[in-house]
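See below for the structure under consideration.
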Amino acid sequence: MADGKSETPTEKETPKPKPRPILRLVIFLISQSFLVSVICCTAGVLALLLLPVLAKNTYISENALMPGSASPMISNQEVLDGNKLVEDLTNLNSKYLDGGIESQRIIAKYMSDLGAEVSYHKFHPQSNRFHPLHLFSDPDSRAQENFSCSSYGINTIGIIRAPHGDGKEAIVLATPYNSLKSDLGESFSVGIAFSVFSLLSQVTWLAKDIIWIVADSRYGEYAPVAAWLKDYHVPKFSSLSSGNVEMCHDGKNLYELKGKSITGDFRRAGTMAAALVLKVSDRTEELEDTVSIYAEASNGQMPNLDLINIVYYLAAHHRQGFRVKVERLWSLLDCSLLKVLGTIIEFVGEVARSLNPEWKFGIPATDYVEGTATLASSLYSQALGVPTGPHGAFRDYQVDAITLEFSPKFTSDMKVRHNDFFLRGGRLIEGVIRSVNNLLEKFHQSFFLYLLTSPNKFVSVGVYMIAFALVIAPLPMIAASLYISANNSNSSLKQDKSTLSPYPVADEHSNTVRSWRWLNAAKVVFIIHLWGAVVSLLPYFICQIPDLTSTTSFLIWVLLSVLSLQVLYSILASPFPHANASQPQEGDWALLKSVTISALFIGLGLMSVINFATAEIGALLLVPTCLLARPLRLDLRARSLRSFSRVICNLVLGHIAFPPAAFLVVKGVFSGFGSANVGDFWNWVESLWAWNSATYLYISMVHLPCWVLCIYILIHTC
Amino acid sequence: MEETHQRKKKKVASFWSWVVASIIFRLILIYFPKNLNLAARPEVSTPLTSLRRLAEGFWLKQSSMSPYAGSMYHGSPLLLSLLGPLTVKRIEGQPNHLFFSLLSVIADVCSAMLIRATGKKLQMAYSYSLKSLGLLTQLGSSEILSSGDIAALVYLWNPFTIVTCVGLSTSPIENLAVILCLFGACSRLVPLAAFGWVISTHLSLYPAILIIPVVFLLGYGPDAPPRKLFMKEKYSKNLDESPSEGLMQPKLPIGFSWRPVIYFVFWALLWSVYVLVLCSISLKQYGGLQEMFTSTYGFILTVEDLSPNIGALWYFFAEVFDFFRNFFLIVFHVNILVMILPLAIRLNHRPCFLAFVYIAISSMLKSYPSVGDSALYLGLLGLFVNQLADMQFSFFLFCGYVGVSLLSPVMHNLWIWRGTGNANFYFATATVYACLQVLLSSHYSFPVVA
């Protein structure tokens, strides 16, 4: 500035005024950035390991739910009806080979006998094709695909209108049922659902409509529910879009199905308050009857915690005799390291309690190990971003949904146990529906952002974010300290020259250039991130090539990526004109690192909002890699123990942080290194984009570019 | 000499290639309007600037109803007659609003060219005043690009500008009017400056405060070092009393000249009467000017629409009790007005910079801000890039802007589509954005003011 310039020499003589306390704190942190970052990262990892200890017991936060306040009404009569339906279905399966239409007709008849409105919904399975721009648009605006008439499925939907309701709200029950090849478990789930449904058709307390959808699961369990939800929420007005489903049905089949009260029209009943997906598994290795809860929807979204709480509360406290389970990583249960940690924590807890009985933070070692296994599974399935069941489809329409999978302990031929199992399962579901029926508003009281460590323990967002924040806290500090030091070292160089230069304004000008020098580094970072976007789009084109094995596809992908990196870099990376004049400077790599770290910070911060689990795992991998990155040449020149160990760390981290390498290492650890090959990575990535997972975007647009930049810094010549 | 000439030529060529590249980039983006879905983003189109609302207003007018019926359209009736037909015209197989998109591309390029011309004028004035202070060095030759070129490229390649240009909003046209006003004032084309000021005020009301920098520009001339420096120089020269320098001593900037200012007032009156007459003709059958004022300026001033945007007012007025509403309306609007006078006194020797500060402040505190407003003041900031030495915080601010502009759609998605967040999430990004703007404007105006 011209006005400021005349005063600068005088300012240098006068002592600098003391900055404000907050600024002093910031300056102190930046000057101690190495120590602070080591402490923060360690604390972050420790906090993550302590999460099972910090987990709180769940509680029902919405008062209106009142679970278990009424005694269950389901009686043997309904159970017998359900059993009869199961028998009919199993008989049918043995009789006809092509029992597809027939079984649906039976279910529809049973429904309409209860006085429900029954309709069929015909759908075509959406092929899970990768379309790059779909990731950004909301599900409603997606273009219609062309269907072939050969493959379609039929959902059967029954609706009970609530006697006290106004038809504006509904509760959904969904049972996947493969009419072509049904096993006993699916028949059982239909049977239980029917028992509940027949009870609900008689009760007077119903205030929300009940929708029961028997989803035709011949194309997977997710697709029929998703197709039905899409048609439910996006009404089709033009004949063009809806036509292709209805137009091509072969006249005979569907019309045969339609009876007096059964139509092919699409029937609706208000907004959905909650949805329950019922499944009965055939596995009988359990020692007692259990209910497994699956809750993870796409991109790590969870249903409201209250919904899980009701199920747990009813199953645990009302003696339905079910043990409630959530998924856990079994391989972690035998992990000796965790056991040691658990023992330490137990010991510390005991010591603390002996000092002051008020302090209760220790948990038994076995609990700790189990909690960690559950937490790890919860983190893993959230990080994948792939829903763990048909309930995932509901979450896309802001409907809270969970899958309940019953695992009976009986073998299938014991009739008496059947009835008992039906009765208890029916009671549980009735209780849940009755609670949801009491709800006055949407689920909003309890948490949406949480991790489960056991069915009745959770870690809320406020706690687990601390672990994440501690891990990424060093990033801005290191970035700032690198930026400042790079600028200062430069200005000290300039200082010597400027004493010689007679033109103060020229110095002023170089000053301006210096303060914008980070733009060069920013450009490199931008180009690499742009390349990341290109890499994320490449599979779209690779998929068009027919007949490729996954390994060759992966190799083509890698090849094209490297090629595009070369092309992009040669086109865009020509440095700005003024940079030609100045030779590559000492601080260049520091500036580049500073900008890289800032980009990583922004990327991880964004991802933690979209999908926390991905961000946490990514941060654990990338933060040390980025923080330690330093040109290898500098370290080798220094020849000290510290620099040597840093080189080793850099090399190891540089290999592990590469996404395919990380994937193969994880896969190798869990299922043996013999079976792992690079094609698996392609398949895994394919599943990610098929489910529109944000993790895919994270890997290709944050993780991969940052890794490349780290490698670039490592091999930087200076 | 030959070499410098060649280098200059090369610079000009690279400048134009970047301009052409930016146009091509926009044209490519125009072909994906559905997939990008930018027109529906609250950051891009506000109730005042959304083209969808304009199309609705045009449709209402076509079916001989008042365009302001139903509180859909809140823009000027002139825009309705100029842009309305473009919203209806369609080519088969092409994006829906192709013509309007092309128009906004043209508006962006025009704005960039005007910024460049303004930059050249400022540069000339600056080196002239340095010469008169005897501080001239080889400033011109050592530069990378002239500040005007930088500002134009910053404006053209700013993602905010690109997003507003592609996102079907009328902000490019409003920005063009503001820049036209500044350019006219810098190059002393009084009718043009008055036209720009009247049109921009008519379109979005807030540029009305630009009358102060425009008057200074016309009265004192473009940005220069403070006048007391010149006085000091003169004084020292008088002491030296060397005759050879006395001969070379250029003319000092004279005091405030009233003539162009009076011209400006006259032209501004003329243009505003003209605009009002046109408006009243176009609204003759409906409510007349009364209705126009209540549903454009009234709509801006009373903050009727509380749909979320990147400003802070929607959240505040959604929360505030009704009987305090008027009080806080006054407080918020006075907030802008309070800052006008002190800044005008302190910065009267730098009218263009004053205009930048005013635009930044009003885009921070206006009732329906969009990223198009930030695009405008960030472009103007480029004009002072060579003079604002040592922008220490530039990197920090850059990261902040990148972070906020990525975080804001994510938070919006979390609130509206996923339902796991709430309004506070989105408002948090709006707060951070406001803080960044405060930091930017205060940080860059501090060395000038202090």
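The values are calculated or read from the model by the stated rules, or taken from the named source; none is laboratory data. The shown structure was predicted, so the numbers you read here are calculated from the model rather than taken from an experiment. Don't worry about glycine lacking a Cβ; one is built from the backbone with ideal geometry, like all the others, and counts go over all protein chains shown. All accessible areas refer to the heavy atoms of the entire protein, side chains included, with ligands and DNA or RNA removed. Shrake-Rupley method; radii C 1.70, N 1.55, O 1.52, S 1.80 Å.
Does residue B:363 satisfy being part of a helix (DSSP H, G or I), within 11 Å of another protein chain (Cβ to nearest Cβ) and either more than 23 Å from residue B:107 (Cβ to Cβ) or small (Gly, Ala, Ser) (or both)?
Working: part of a helix (DSSP H, G or I): yes; within 11 Å of another protein chain (Cβ to nearest Cβ): no; either more than 23 Å from residue B:107 (Cβ to Cβ) or small (Gly, Ala, Ser) (or both): yes.
No, not satisfied.
Condition test on residue A:166, is it at pLDDT below 90 and part of a loop (DSSP other than H, G, I, E, B)?
Numbers: at pLDDT below 90: yes; part of a loop (DSSP other than H, G, I, E, B): yes.
Answer is yes for this residue.
Return yes or no: is residue B:11 within 14 Å of chain A (Cβ to nearest Cβ) and either surrounded by 12 or more Cβ atoms within 10 Å (Cβ to Cβ) or closer than 22 Å to residue B:103 by Cβ (or both)?
Answer is yes for this residue.
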### Summary
Of (1) surrounded by fewer than 19 Cβ atoms within 10 Å (Cβ to Cβ); (2) modelled with pLDDT of 85 or more; (3) outside the structural domain of residue A:177 (by TED's automatic domain parsing); (4) of a type in the set (A, V, I, L, M), residue A:23 satisfies every one except (2)
### Task
Read through the list (1) under 21 Å from residue A:479 (Cβ atoms); (2) surrounded by fewer than 21 Cβ atoms within 10 Å (Cβ to Cβ); (3) without any contact (Cβ under 8 Å) to a residue 40 or more places away in the chain, then give the number of the only condition that residue B:405 fails.
(3)
### Query
How many residues does segment A:63-86 hold that are surrounded by fewer than 20 Cβ atoms within 10 Å (Cβ to Cβ), touching a helix residue (DSSP H, G or I) at 6+ places or on another chain (Cβ under 7 Å) and part of a loop (DSSP other than H, G, I, E, B)?
5
### Task
List the number of the failed condition for residue B:398; all other conditions in (1) within 14 Å of another protein chain (Cβ to nearest Cβ); (2) under 28 Å from residue B:301 (Cβ atoms) hold.
(2)
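Here's the yes/no breakdown for (1) open to solvent by 50 Å² or more (accessible area, probe 1.4 Å); (2) of a type in the set (Ser, Thr, Tyr); (3) not in a loop (DSSP other than H, G, I, E, B):
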{"position": "B:298", "(1), (2), (3)": "no, no, yes"}
{"position": "B:304", "(1), (2), (3)": "yes, no, no"}
{"position": "B:309", "(1), (2), (3)": "no, no, no"}
{"position": "B:332", "(1), (2), (3)": "no, no, yes"}
{"position": "B:352", "(1), (2), (3)": "no, no, yes"}
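Any residue at all in segment A:667-688 that is among the hydrophobic types (A, V, I, L, M, F, W, C) and either farther than 26 Å from residue A:551 by Cβ or not assigned by TED's automatic domain parsing to the domain that holds residue A:555 (or both)? Quick ask: steps written out before the conclusion?
The initial filter retains those residues of segment A:667-688 that are among the hydrophobic types (A, V, I, L, M, F, W, C), namely A:669-670, A:673, A:676, A:678, A:681-682, A:684-685, A:688.
Now narrow it down to the ones that are either farther than 26 Å from residue A:551 by Cβ or not assigned by TED's automatic domain parsing to the domain that holds residue A:555 (or both): none.
The answer is no, given that none of the residues of segment A:667-688 is among the hydrophobic types (A, V, I, L, M, F, W, C) and either farther than 26 Å from residue A:551 by Cβ or not assigned by TED's automatic domain parsing to the domain that holds residue A:555 (or both).
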### Message
Looking at residue A:403 and the list (1) open to solvent by less than 10 Å² (accessible area, probe 1.4 Å); (2) within 14 Å of chain B (Cβ to nearest Cβ), which single condition is not satisfied?
### Response
(2)
### Query
Any chance segment B:385-393 includes a residue that's part of a helix (DSSP H, G or I) and free of Cβ contacts under 8 Å to residues at least 60 places away in the same chain?
no
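Modelled with pLDDT under 90, touching an Asp or Glu at 6+ places or on another chain (Cβ under 9 Å) and farther than 16 Å from residue A:314 by Cβ, is that true of residue A:468?
Values: modelled with pLDDT under 90: no; touching an Asp or Glu at 6+ places or on another chain (Cβ under 9 Å): yes; farther than 16 Å from residue A:314 by Cβ: yes.
Here the answer is no, as residue A:468 does not meet what is asked.
For residues that are under 22 Å from the mean Cα position of the chain (by Cα) and not in a helix (DSSP H, G or I), tally how many sit in segment B:74-113.
Taking segment B:74-113 as the starting set, the residues that turn out to be under 22 Å from the mean Cα position of the chain (by Cα) are B:74-80, B:82-83, B:100-113.
Keeping just the survivors that are not in a helix (DSSP H, G or I) gives B:74-76.
Summing the residues that are under 22 Å from the mean Cα position of the chain (by Cα) and not in a helix (DSSP H, G or I) in segment B:74-113 gives 3.
Give me the helices (runs of 4 or more DSSP H) completely within segment A:659-718, filtered to those with at least 2 residues that are in contact with a Gly (Cβ under 8 Å, 6 or more places away or on another chain) and surrounded by 19 or more Cβ atoms within 10 Å (Cβ to Cβ), ordered by residue number.
In segment A:659-718, A:694-698, A:704-714 are the helices (runs of 4 or more DSSP H) which contain 2 or more residues that are in contact with a Gly (Cβ under 8 Å, 6 or more places away or on another chain) and surrounded by 19 or more Cβ atoms within 10 Å (Cβ to Cβ).
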### Task
Would you confirm whether any residue within segment A:672-681 is over 21 Å from the mean Cα position of the chain (by Cα) and within 24 Å of residue A:42 (Cα to Cα)?
no
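What are the residues in segment A:271-308 that are in a helix (DSSP H, G or I) and modelled with pLDDT of 90 or more, if any? Walk me through it before giving the result.
Of the residues in segment A:271-308, the ones in a helix (DSSP H, G or I) are A:298-300, A:305-308.
A:305, A:306, A:307, A:308 - these are the residues of segment A:271-308 that are in a helix (DSSP H, G or I) and modelled with pLDDT of 90 or more.
Residue-by-condition table, conditions (1) among the aromatic types (Phe, Trp, Tyr); (2) at pLDDT below 90; (3) open to solvent by 10 Å² or more (accessible area, probe 1.4 Å):
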{"position": "B:160", "(1), (2), (3)": "yes, no, yes"}
{"position": "B:168", "(1), (2), (3)": "no, yes, yes"}
{"position": "B:185", "(1), (2), (3)": "no, no, no"}
{"position": "B:208", "(1), (2), (3)": "no, no, yes"}
{"position": "B:220", "(1), (2), (3)": "yes, yes, yes"}
{"position": "B:231", "(1), (2), (3)": "no, yes, yes"}
{"position": "B:241", "(1), (2), (3)": "no, yes, yes"}
{"position": "B:252", "(1), (2), (3)": "no, yes, yes"}
### Message
Considering only segment A:591-610, I want to know if a residue exists there that is farther than 26 Å from residue A:554 by Cα, within 14 Å of chain B (Cβ to nearest Cβ) and among the charged types (D, E, K, R).
### Response
yes
### Query
Do you know which residues across segment A:512-570 are of a type in the set (Phe, Trp, Tyr), open to solvent by less than 30 Å² (accessible area, probe 1.4 Å) and under 25 Å from residue B:146 (Cα atoms)?
A:518
